[in-house]
1. Among the residues of the stretch 223-239, what is the count of those that are in a loop (DSSP other than H, G, I, E, B), surrounded by 16 or more Cβ atoms within 10 Å (Cβ to Cβ) and at pLDDT 95 or above?
2. Yes or no: the stretch 123-137 includes at least one residue that is without any contact (Cβ under 8 Å) to a residue 24 or more places away in the chain, within 30 Å of residue 186 (Cβ to Cβ) and under 41 Å from the mean Cα position of the chain (by Cα).
3. Note down all Cβ pairs under 6 Å where the first residue falls in the stretch 139-154 and is modelled with pLDDT of 85 or more, the second is β-branched (Val, Ile, Thr), and they're at least six residues apart or on different chains.
4. Looking only at residues that are more than 57 Å from the chain's Cα centre (by Cα) and part of a loop (DSSP other than H, G, I, E, B) in the stretch 173-198, which one is surrounded by the fewest Cβ atoms within 10 Å (Cβ to Cβ)?
5. Report yes if residue 253 is free of Cβ contacts under 8 Å to residues at least 12 places away in the same chain, assigned to a loop (DSSP other than H, G, I, E, B) and either touching a Lys or Arg at 6+ places or on another chain (Cβ under 7 Å) or surrounded by 12 or more Cβ atoms within 10 Å (Cβ to Cβ) (or both), otherwise no.
6. Here is a list of conditions, (1) under 15 Å from residue 268 (Cα atoms); (2) touching a residue at least 60 places away in the same chain (Cβ under 8 Å), and residue 238 meets all of them except one; can you say which number that is?
7. How many of the residues making up the stretch 21-56 are surrounded by 10 or more Cβ atoms within 10 Å (Cβ to Cβ), within 13 Å of residue 11 (Cα to Cα) and hydroxyl-bearing (Ser, Thr, Tyr)?
8. Could you tell me whether residue 159 is free of Cβ contacts under 8 Å to residues at least 12 places away in the same chain, closer than 16 Å to residue 268 by Cα and more than 52 Å from the chain's Cα centre (by Cα)?
Amino acid sequence: MNNAGQFRDHFRELIEAYALGSLDAEERAAVGAHLATGCEECTRALEDARLLVSQLAYLAPEAAPLDMLRGRLLQTVRAEAAAAKAYTSAISKSAIPLWMWGAVAAVLFFALYNAYEAHSLRETIHQTQQALTAQIALQQESARRLAWAKREALILTDPRSRKIALSAGTKGMPRLQATWHHSMGIVVSGQKLPMPSGNRTLQLWLIPKAPGAKPMPSMTLRPDADGTFDLLVANPPDSPSGTKSLAITEEPAGGSPQPTSTPIWVGAVAGK
């Protein structure tokens with residue numbers, strides 16, 4: 001065999017490796033250069049080798065993973081999933097530092113404490129206002145009673161006042177005393193009066209001098225638990241000079257525009 005034949009045989013030995021892609025860079029370059037010369041024998045050999053390589057994939061049996069390999073794979077997947085879950089949990093727990101949780105708790109406690117204090121303050125203010133209102137009302141009532149007591153005292157002690165005795169038409173009933181001041185009013189007082197029945201009350205009437213004139217209604221009052229009767233009429237409906245007599249009857253609660261019962265007490269005014 002001459003040198004040319006030996007050269008071709010050398011390349012034919014490398015053709016199959018060339019088709020498989022298993023040559024190193026230098027050998028692959030050398031085979032490629034030889035094929036580029038147009039060597040028909042080596043070119044046919046390369047085509048046959050490539051066909052053979054393409055058929056090898058179909059000749060290989062299907063690979064099935066071994067049970068041991070499958071078990072190891074599942075263990076690996078489970079371990080990685082557990083590690084990922086633990087990592088996520090650790091991140092979630094450590095996302096907010098403990099000192100921040102403490103700060104949030106302190107803020108909530110402070111807010112609740114402030115709300116409680118505000119509620120307590122409002123309640124205290126409300127109670128104080130109620131007590132103050134009650135105290136003012138008590139002072140006003142005391143001032144009113146004091147003013148009326150002073151007025152009664154002036155009416156009773158003024159020598160210009162007119163004294164009127166009211167006698168009872170029923171035997172055994174106590175006598176009443178009326179004192180009339182021309183500008184400050186009338187005071188009617190008595191002791192040990194019987195309490196009117198039910199919710200009825202005693203009402204004062206002014207009987208005019210004019211013939212045929214109707215009795216003029218005045219104020220009403222019930223005796224207290226001890227039977228004390230103390231009525232102050234600051235603005236009588238008539239003057240002493242135009243009034244013939246005073247009378248007291250028992251009337252429904254709130255009084256009546258005209259007498260509905262016979263007078264219990266009557267006292268003459270004119271001529272006194």
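The values are calculated or read from the model by the stated rules, or taken from the named source; none is laboratory data. The structure presented is a predicted model; accordingly, all values stated were derived computationally and were not measured. Every residue, glycine among them, receives a Cβ derived from its backbone with ideal geometry; neighbour counts consider all protein chains shown.
1. Of the residues in that region, 1 qualify.
2. Checked against the condition, which is being without any contact (Cβ under 8 Å) to a residue 24 or more places away in the chain, within 30 Å of residue 186 (Cβ to Cβ) and under 41 Å from the mean Cα position of the chain (by Cα), the stretch 123-137 yields at least one hit.
3. 152/187
4. Within the stretch 173-198, the match that is surrounded by the fewest Cβ atoms within 10 Å (Cβ to Cβ) is 183.
5. no
6. Tallying (1) under 15 Å from residue 268 (Cα atoms); (2) touching a residue at least 60 places away in the same chain (Cβ under 8 Å), residue 238 fails exactly one: (2).
7. Number of matching residues: 1.
8. Against the criterion (free of Cβ contacts under 8 Å to residues at least 12 places away in the same chain, closer than 16 Å to residue 268 by Cα and more than 52 Å from the chain's Cα centre (by Cα)), residue 159 does not qualify.
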